[in-house]
1. Is it the case, given these coordinates, that Gly67 is in contact with a Gly (Cβ under 7 Å, 6 or more places away or on another chain) and either of a type in the set (Asp, Glu) or surrounded by 13 or more Cβ atoms within 10 Å (Cβ to Cβ) (or both)?
2. Does Asp55 meet the test of being out of contact with any strand residue (DSSP E or B) (no Cβ under 7 Å at 6 or more places or on another chain), farther than 17 Å from Ser8 by Cα, in a helix (DSSP H, G or I) and acidic (Asp, Glu)?
3. Would you check if Ser8 is closer than 12 Å to Ala68 by Cα and of a type in the set (S, T, N, Q)?
4. Any residue in region 55-77 that is closer than 22 Å to Gly25 by Cα sitting within a Cβ distance under 8 Å of a residue that is aliphatic (A, V, I, L, M) and loosely packed, with under 11 Cβ neighbours inside 10 Å? List the pairs, counting only those 6 or more apart or interchain.
5. With respect to Val27, is the statement that it is surrounded by 11 or more Cβ atoms within 10 Å (Cβ to Cβ) and assigned to a loop (DSSP other than H, G, I, E, B) true?
6. Would you mention how many residues in region 6-24 are under 9 Å from the mean Cα position of the chain (by Cα) and in a helix (DSSP H, G or I)?
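Bear in mind that the values in this text are calculations on the coordinates, not laboratory data. Note that the coordinates shown come from a computational prediction; the quantities given were computed from them, not determined experimentally. FYI the Cβ positions are ideal-geometry reconstructions off the backbone, even for glycines, and counts take in every protein chain you see.
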Amino acid sequence: MPAAGLGSELDVIAAVFIGGASAMGGVGQVIGAVVGGFIMGVMNNGMSIMGVNVDWQQVVKGLVLLGAVIFDVYNKNKA
């Protein structure tokens, strides 16, 4: 299907950053992206089971992504 995966961009980007990829580039591993994908999958499934509205799920995922990027940038500036 041409539209398969449409709308999953936030999940994919969040999974990669949670997995350890750097906003500055040059850092990251495939296993980290897989672990980040599992974390995002658990979050999606858990929020769906809890009955969280889809709009709020997007907000939570965005905040998790923001937290991962802030953590990465903070650690890069500290070193």
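1. The answer is no for Gly67.
2. Values: out of contact with any strand residue (DSSP E or B) (no Cβ under 7 Å at 6 or more places or on another chain): yes; farther than 17 Å from Ser8 by Cα: no; in a helix (DSSP H, G or I): yes; acidic (Asp, Glu): yes.
So Asp55 fails the test.
3. On the way: closer than 12 Å to Ala68 by Cα: no; of a type in the set (S, T, N, Q): yes.
Answer is no for this residue.
4. From region 55-77, the pairs are Asp72/Met24; Val73/Met24; Lys76/Met24.
5. On the way: surrounded by 11 or more Cβ atoms within 10 Å (Cβ to Cβ): yes; assigned to a loop (DSSP other than H, G, I, E, B): yes.
For Val27, the condition - surrounded by 11 or more Cβ atoms within 10 Å (Cβ to Cβ) and assigned to a loop (DSSP other than H, G, I, E, B) - is met.
6. Taking region 6-24 first, the residues under 9 Å from the mean Cα position of the chain (by Cα) are 10-19.
From the residues that got through so far, the ones that are in a helix (DSSP H, G or I) too are 10-18.
Count: 9.
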